Amino acid sequence: MISNEWLYWLIGAFFLPVAVLVATHENHSRRLGSAAFWGLLGLSFFYSTFVAAGSAPAWVLGLAVLAMVAIAGFGGLGKGTEHTTSEQEREGFAARLRGRLFIPALLVPVVTVIVALLGPRLSVGGEPLLAEGSATLTGLGVGALVALVVACIILRPPRLSVPFTESTRLLEAIGWAALLPQMLSTLGTLFTEAGVGTAVGDIFGFIVPEDVLVWGVIAYCVGMAVFTVIMGNAFAAFPIMTAAVGWPILVENFHGNAPAVFALGMLAGFCGTLCTPMAANFNIVPAALLEMKNKYGAIAVQIPTALIMLVLITVFMWGFAFSH
């Protein structure tokens, strides 16, 4: 039976060759620190399986996280000089391949949806092929592998190691910010366990009238966006705002359609993602990679769209997630 752990091991198996490539790089400014950072990250994906199963202590993972924070905080991460294609070569590839360049990227969501829909129906020897609740993540992993194979067929790299060297180059360009979604999602869980959601719910209980639906919807959508701006990730804001407003007020009090409420709530959070430098991997790293003059230029352009979308999402939730 295939479970989510298979995908986590696949991710760990990606980071370990990256650590080896960095450690053996001759022209790397922070070779040892960078190799240790990515190596610890890769090993953590394997070790966490045993932590989840209760067969290994969790404090080891905590030490690994602290070590990674120390490496990044004291400037231990750097970038090597990679031999990659020139600008003229990339323009030549783009002119020759045109729309086919998008095929690998589009395959990831397509394969994910197919596996998510059909995977739970597959069985081997009378046993389900996929563990319960693992179809979407498994589909994402399968989609990434299919996209990698198709990309190699289309682009025909000169060496099989090119996907790893190019991935290492991009990963080091992003740096520690690549871990922000994972860290911020964990932060949201910690806040929830610490009772922050309950405290926020008490505050909203004084502010939001319990018998007026529209104020509850506005509080949830705007709260998701604001908390996302503060925390940098909608996944971190989601457990807090859902525990404070989404579940007790919109679902239990007003009997809202839970899947619709929570899906639209996440979209409202993504509006906050468009407006904050805390979402560094979305708004700051791409600006650095594209060498934009204003590193906040992407945010400035996205804010009007985010505000319009936030209003529309709020209206949609009020109009379609409840029985009026």
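Some points to look at:
- Per-residue ellipticity at 222 nm computed for the chain from its helices equals -22000 deg cm²/dmol, with DSSP H segments shorter than 4 residues left out and the rest contributing -39,500 (n - 2.57).
- The chymotrypsin sites (Phe, Trp or Tyr not before Pro) of segment 11-114 that meet both conditions, a loop assignment by DSSP and at most 14 other Cβ atoms within 10 Å of the site Cβ, are Phe74.
- Residues considered: Pro277, Pro248, Pro286. Largest GNM mean-square fluctuation over the chain, using C-alpha springs under 10 Å, is found at Pro248.
- Relative contact order %, the chain, counting alpha carbon pairs below 8 Å whose residues are six or more apart: 14 percent
- Nearest-ten-degree value, helix 31-52 long axis tilted from longest Cα axis of the chain: 50 degrees
- Binning the C-alpha pair distances of the chain at 10 Å intervals from 0 yields a P(r) profile of 5, 19, 28, 29, 15, 4, 0 %, listed from the shortest bin outward.
- Other residues whose C-beta falls under 13 angstrom from the C-beta of Ala243 contribute a net charge of -3, scoring Lys and Arg +1 and Asp and Glu -1.
- Taking amide H positions as modeled 1.01 Å from N, with prolines and chain starts lacking one, the residues under 5 Å from Ile2 and 5 or more places away or on another chain are Leu130, Ala131.
- Under 5 Å, built H, 5+ apart or other chain: amide partners of His28: none
- Shape class of segment 140-207 from the Cα gyration tensor (axes a ≥ b ≥ c, square roots of the eigenvalues): prolate, since a/c reaches 1.5 or more and a/b is larger than b/c.
- Calculated from backbone phi, Karplus (6.51, -1.76, 1.60) coupling profile of segment 10-19 in Hz, x at Gly/Pro: 5, 5, x, 5, 7, 6, 5, x, 4, 4
- Computed Rg/Rh of segment 1-157, alpha carbon atoms with Kirkwood Rh: 1.05
- Cleavage-rule hits, trypsin sites (Lys or Arg not before Pro), segment 107-215, DSSP coil, Cβ neighbours within 10 Å at most 12: Arg159
- Using alpha-carbon coordinates, inclination of helix 87-97 to the longest axis of the chain, degrees: 70 degrees
- Angle between the chain longest axis and helix 59-73 axis [Cα atoms, degrees, rounded to 10]: 70 degrees
Bear in mind that the values in this text are calculations on the coordinates, not laboratory data. Remember, predicted model here, so these are calculated numbers, not experimental data. Counting neighbours? That spans all protein chains shown, and the Cβs are built from the backbone with ideal geometry, glycine included.
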